Amino acid sequence: MKVKENKLIKMHSLLETIKLLNSEKNVDTILKTLMTKSLELTPGGDMGAIFLMNEASGFLEVYASYGMGDAVKDVQLKAGESMTGQTYAKKETMFFRDSKAVQKAMNKMRNKNKRLALEARVLAEKIQGAICCPLIYKNEAIGVLVVDNTSDEHSLKDEDVEFLNDISVQATIAIINARNYKRQLQANKKLQKYNRIIQEQKNKYKYTNSLHTKLTNMILSGSSIKEILQELKNMIGKDIFILDIFYNLRYHSFAEDAQLKEISDNLAELIPYLRKEKTAYIKKAEAINIVIFPIIVKKEVMGWFCVLNNSQSKLDELDKITAERATTIIALELIKEQEISDMEQSLKGDFLDSLLLNNDCAFIKKSALSYGFNFDKNHQIIVIEFALKSNNEQQNKKLLKKYYHLINKKSKEFFPNSIALIKRNMIIIIIEELDNKAEDKIKKFNQKLNKIFSPIFAFKEDDFSYKMVVSSSFKKIDDFKEAYFQAINTLPMLEKKQDKNYAFYDQLEIKKLLSKNDAEELAAFAEKILKPLKDYGNSSKNDLIKTLKVYLQSNCSWTTSKEKLHIHGNTLSYRLNRIKEILNIDFDDYNDRLKLQLAFEIEDII
């Protein structure tokens, strides 16, 4: 009667346990409940563990345990290893009835697992018996429930085997349900994430279309780039500026001069960050954070769209979309500017041809009026010739266009009312006659050009050099052609001038005259005049030659020569006396000075 009563109590407990297992959706909680209830309802159960197969590692691993040390969590059993592995491999409940059977099975464990079992106080000789029930789902084992007996007070019995087998079947169902529930939750989370991404993409697409429409309408209504920048500033709440390919700050949205000055002062540091991809320039000390977007047309950079981000955080997605869309619109405006410039170049080319041919007075006067060309003033022509080393004609044209815009801008700064245009591999600039400081002005203009073309700047891969000639002054249109060809024909005279790459036609007029004579006769003359000084064996020979040249170019002015050479007056006097002795000349003799000047002029051209 008592046995029957105990059975009913166990059945009732089993049902309660099943209810509890099926009501839970968390796998870890199910395993802990299963472990606790299995031991509670098995009088001989003193400790136990639940192993599940880890598909990633291929080992049975402990997911819940009772009465064992923490080291048991690191045990990894192969199928067939120890009692648990054997049960998993056979897919059937195994009852190890005594210590001898337990030890025999546990002795098959690998050494690592034996050591971990020892640390976890799971000793084979202490275990009096063990029941291992496989957790079977669709004829495949997914794990093993293990209950061990270590005390003499109670032992494991056959009815415990039946009970644990029943509870393991229900536990398996609960575990599978919980796993499926977890997968469903994960799938729902992914679905929510994808829906959120899709919605974000929809919002971005909608925003992009709206932005494109807005900016396009501004362009069509004739808004300037500055007005577009102001609108963009209102949209993203950040100041914006645009740099051209020569790092000039072309447009900006700054309301205060202080902000503009701050950016201008940091432009040199910004240059290394101007690339063909989006970059960021951060200067923490001054809290400057600039996000830079390249403005690209046909894979060629036309400038950079820069957003001044006051915070150290990155731009949000909509701000990035705004900036990227803006670069496209700005690129279209720059292309429009380029097309207008090309049309202007064509008209200027026609103007130049008319001046050279002097065959269309009406067109010349009309064009002159539009370009600010005043016929009542004298003019000069600057010819800048580029030695383009590329054999690609299209590449050379692009290169000239690239630099023309800045040369044109600089020529307007240095020479008001000037007209600049491209002619073959040259840039022609028509300017009003220079005053008595012409040399200084052209020198400064050339220095500015050198800075533009400096290899530290963007297009250092452009392989070229240039030279510049300034024509003589002319007033009448009839004289334009003569002045133009004066400059053109003087360009070859600069080949031998290593000290500078520019000259005035008037300065090279003597050289041009000399070059018409026999080269051998010229060389013989120069050799005869300068040979004694060149043959002078002293180490100061080069200093003497330089001193003589500077002295002659300074109109034999002792003071001017001293200042140009940066030497003491006594040193200059000593050198001049030595030169007179070596060459047997008198600086007060006009013929002696003339011969020396001609000799140096000849050396420049041969």
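The values are calculated or read from the model by the stated rules, or taken from the named source; none is laboratory data. Predicted model, so just to flag it, every value in this text is computed and none were measured. Heads up, the Cβs are rebuilt from the backbone with ideal geometry, glycines too, and the neighbour counts pull from every protein chain shown. Ligands, DNA and RNA are stripped out before the accessible areas are found, and what is left, the full protein with its side chains, is counted by its heavy atoms. Shrake-Rupley method; radii C 1.70, N 1.55, O 1.52, S 1.80 Å.
For the reader, a short list of remarks on this structure follows.
- Selection within the stretch 418-448 - open to solvent by 80 Å² or more (accessible area, probe 1.4 Å), touching a residue at least 24 places away in the same chain (Cβ under 8 Å) and in a loop (DSSP other than H, G, I, E, B): Glu433
- Which listed residue, of Lys100, Lys91, Lys112, is modelled with pLDDT of 90 or more, among the charged types (D, E, K, R), surrounded by fewer than 17 Cβ atoms within 10 Å (Cβ to Cβ) and at positive phi: Lys91
- Look at (1) under 30 Å from Asp152 (Cβ atoms); (2) open to solvent by 50 Å² or more (accessible area, probe 1.4 Å) and you find that Glu55 fails only one, number (1).
- Residues in the stretch 152-168 that are in contact (Cβ under 8 Å) with a residue 40 or more places away in the chain, open to solvent by 40 Å² or more (accessible area, probe 1.4 Å) and not in a helix (DSSP H, G or I): His154, Ser155, Lys157.
- Residue in the stretch 16-44 that is nearest to Asn149 (Cα to Cα), counting only those that are among the small types (Gly, Ala, Ser) and at pLDDT 60 or above: Gly44
- Search result, residues across the stretch 59-88 that are assigned to a loop (DSSP other than H, G, I, E, B) and open to solvent by 40 Å² or more (accessible area, probe 1.4 Å): Gly67, Lys78, Ala79
- Matching option when the condition is closer than 17 Å to Glu337 by Cβ, open to solvent by 20 Å² or more (accessible area, probe 1.4 Å), touching a residue at least 60 places away in the same chain (Cβ under 8 Å) and out of contact with any Pro (no Cβ under 8 Å at 6 or more places or on another chain), among Ile225, Ile219, Ile242: Ile219
- Restricting the stretch 388-412 to residues that are open to solvent by less than 50 Å² (accessible area, probe 1.4 Å) and outside any helix (DSSP H, G or I), the residue that is modelled with the highest pLDDT: Leu388
- Among the residues making up the stretch 115-133, a single one is in contact with a strand residue (DSSP E or B) (Cβ under 7 Å, 6 or more places away or on another chain) and open to solvent by 40 Å² or more (accessible area, probe 1.4 Å): Gln128.
- Cross-chain or 6+ apart pairs with Cβ under 8 Å, the stretch 288-312 first and part of a loop (DSSP other than H, G, I, E, B), then modelled with pLDDT of 85 or more and open to solvent by 10 Å² or more (accessible area, probe 1.4 Å): Asn309/Lys238; Asn309/Val291; Asn310/Lys238
- Put simply, of Ala526, Ala503 the only residue that is at pLDDT 80 or above, surrounded by 17 or more Cβ atoms within 10 Å (Cβ to Cβ) and assigned to a helix (DSSP H, G or I) is Ala526.
- Residue check: Phe485 meets all listed conditions (1) farther than 28 Å from Asn374 by Cβ; (2) modelled with pLDDT of 85 or more; (3) assigned to a helix (DSSP H, G or I) but one, namely (1).
Rundown of residues vs (1) closer than 23 Å to Val470 by Cα; (2) part of a helix (DSSP H, G or I); (3) at pLDDT below 80, yes/no style:
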{"position": "Ile340", "(1), (2), (3)": "no, yes, no"}
{"position": "Leu356", "(1), (2), (3)": "yes, yes, no"}
{"position": "Asn359", "(1), (2), (3)": "no, no, yes"}
{"position": "Ile364", "(1), (2), (3)": "yes, yes, no"}
{"position": "Asp376", "(1), (2), (3)": "yes, no, no"}
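- Subset of the stretch 512-523 (residues that are assigned to a loop (DSSP other than H, G, I, E, B), modelled with pLDDT under 75 and not small (Gly, Ala, Ser)): Lys516
- Filtering Lys214, Lys233, Lys189, Lys182 for residues that are more than 28 Å from Ala79 (Cβ to Cβ) and surrounded by fewer than 15 Cβ atoms within 10 Å (Cβ to Cβ) leaves a single hit, Lys189.
- For Arg275, the criteria (1) in contact with a strand residue (DSSP E or B) (Cβ under 9 Å, 6 or more places away or on another chain); (2) at pLDDT below 85; (3) open to solvent by 60 Å² or more (accessible area, probe 1.4 Å) hold in every case but one, which is (2).
- Residue match in the stretch 549-568 (condition: under 52 Å from the mean Cα position of the chain (by Cα) and closer than 28 Å to His379 by Cβ): yes
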